[in-house]
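The values are calculated or read from the model by the stated rules, or taken from the named source; none is laboratory data. Since the structure is predicted, the reported quantities are computational estimates derived from the model, not experimental observations. As a convention, Cβ positions derive from the backbone with ideal geometry for all residues, glycine included, and neighbour counts pool all protein chains shown.
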Amino acid sequence: MDNVLIVVDDLEAAKAFFAELGMELEGEAPVEGRWVDRVVGLNDVRADIAMMRTPDGHNRVELTKFHTPPAVRAEPESAPANTLGIRRLMFAVDDIDHVVARLRSHGAELVGEIAQYEDIYRLCFLRGPEGIIIGLAEQLSKKSVTDSYRETAR
């Protein structure tokens, strides 16, 4: 996978939110022209993009603000977790409480609560700018969730 695209209305707020998660701004650029129109299947595209890279350098999130044509909302801004489509991006963190507190300063709100899955993970979902849902996972032990599922299926 090269990157995940998230279309936003407030590019600055989205960049600040993902930077608070520890992602680094890899680059920004305006995009427009026939090649963009052909790739995305729209006419007269004019947009700004910001590429955010995870600290390990292996993954990226592309944030795009469309100026023309304007972005459209396909679902309610606060769509529930069982809405069809991509629902969230999950990030591994060392201290879930600390990260939640930092993200709350950027307007993020817990979707449910911080919950613990056995002795393996502490997990939560947060809704950030543009209704973006991210997950946070703090691993507590070396045991994986799939190992736990296999054990209970036996």
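Computed quantities for the displayed model
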| item | result |
| --- | --- |
| Cross-chain or 6+ apart pairs with Cβ under 7 Å, segment 65-81 first and of a type in the set (S, T, N, Q), then at pLDDT below 90 and not in a loop (DSSP other than H, G, I, E, B) | Ser78/Gly131 |
| Residues satisfying the stated conditions in segment 12-23, i.e. on the phi < 0 side of the Ramachandran plot and touching a Ser or Thr at 6+ places or on another chain (Cβ under 8 Å) | Glu20, Met23 |
| Failed criterion for Arg127 (all others in (1) at pLDDT below 95; (2) surrounded by 14 or more Cβ atoms within 10 Å (Cβ to Cβ); (3) more than 20 Å from Leu63 (Cα to Cα); (4) of a type in the set (Lys, Arg) hold) | (3) |
| Output for segment 1-54, where each listed residue is under 18 Å from Gly131 (Cβ atoms), without any contact (Cβ under 8 Å) to a residue 40 or more places away in the chain and over 14 Å from the mean Cα position of the chain (by Cα) | Glu12 |
| Selection from segment 14-41 of residues that are closer than 21 Å to Leu89 by Cβ and among the aromatic types (Phe, Trp, Tyr) | Phe17, Phe18 |
| Out of Ile120, Ile96, Ile49, sole residue that is touching a Cys at 6+ places or on another chain (Cβ under 9 Å), on the phi < 0 side of the Ramachandran plot and β-branched (Val, Ile, Thr) | Ile96 |
| All positions within segment 20-46 that are of a type in the set (D, E, K, R) and in contact with a strand residue (DSSP E or B) (Cβ under 7 Å, 6 or more places away or on another chain) | Glu24, Glu26, Glu28, Glu32, Asp44, Arg46 |
| Flag if Gly57 is loosely packed, with under 14 Cβ neighbours inside 10 Å and under 27 Å from Ala29 (Cβ atoms) | yes |
| Test result for Leu21, surrounded by 13 or more Cβ atoms within 10 Å (Cβ to Cβ), in contact with a Phe, Trp or Tyr (Cβ under 8 Å, 6 or more places away or on another chain) and within 24 Å of Ala108 (Cα to Cα) | yes |
| Some residue of segment 58-73 being under 19 Å from Ala16 (Cβ atoms), in the same structural domain as Pro30 (by TED's automatic domain parsing) and hydroxyl-bearing (Ser, Thr, Tyr) | yes |
